[in-house]
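Undergrad: Take this structure first; my questions come after.
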Amino acid sequence: MANSKGKHTVNAVWELAAPIASELGLSIWDVRYIKEGSQWFLRIFIDKDGGVDINDCERMSRAIDGPLDDLDPIEGEYILEVSSPGIERELVRDEHFDRFLGADISVKMIRPLDNIGKEFKGVLTGYESGMVTVTDHSGEHTVTISRKDTAFIKLDDFS
């Protein structure tokens, strides 16, 4: 999704999917259009209070299938996947960070940080303008990192 065409596709699908999800009592967590091997995948991650089950995924998949065909935002073939973001969901949008302030997270950096390394866990204690503040579980050490320097930041429900 690094190119502008992929970004346009994601935005178009998000705009189409959000009201459909809302009608079903769901929300869109994320939309990704990515290539794996020779296949293109359009992944729509849905969420709701209390969690998503297979029936929610099936309802969303059926509800969006026709409108996606009508919109036709993707040239060529792709595989549509509708799923939950999972227990250890990746935080990817500004609203995710705002919603989960105070939550346990797991961070993987692109490059290791001095005295911390490449992977660490802690509590999300701040987020502003793409800068993420993480405090270790003892509360003694805090680090602020740029989100763009991370490979991922996920909820850590297993700390």
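Undergrad: So which residue, out of I44, I28, I87, gets the largest mean-square fluctuation from a GNM of the chain using Cα contacts under 10 Å as springs?
TA: Maximum fluctuation in the GNM of the chain, among the listed residues, is at I87.
Undergrad: Give me the number: length gained by fully extending L71 to D98, i.e. 0.36 nm times residue separation minus the C-alpha to C-alpha distance, one decimal in nm.
TA: Working: separation 27, 0.36 × 27 = 9.72 nm, distance 3.17 nm.
My answer for the length gained is 6.6 nm.
Undergrad: Moving on to the next point. Could you tell me the extents of the chain's C-alpha atoms along the three principal axes, largest first, rounded to whole Å?
TA: That works out to 54, 34, 26 Å along the principal axes.
Undergrad: Would you calculate a helix-derived [θ] at 222 nm for the chain, using -39,500 (n - 2.57) for each DSSP H run of n ≥ 4 and dividing by the full residue count, to the nearest 500?
TA: On the way: 3 runs with 44 residues, N = 159.
That comes out to -9000 deg cm²/dmol.
Undergrad: Can you work out ³J(HN,Hα) from phi for every residue in the stretch 38-43, in order, using Karplus 6.51 cos²θ - 1.76 cosθ + 1.60 and θ = phi - 60°, giving whole Hz and x for Gly and Pro?
TA: With coefficients 6.51, -1.76 and 1.60, one gets 9, 9, 9, 10, 10, 10 Hz.
Values quoted throughout were computed directly from the atomic coordinates according to the rules given, and no laboratory measurement underlies them. Note that the coordinates shown come from a computational prediction; the quantities given were computed from them, not determined experimentally.
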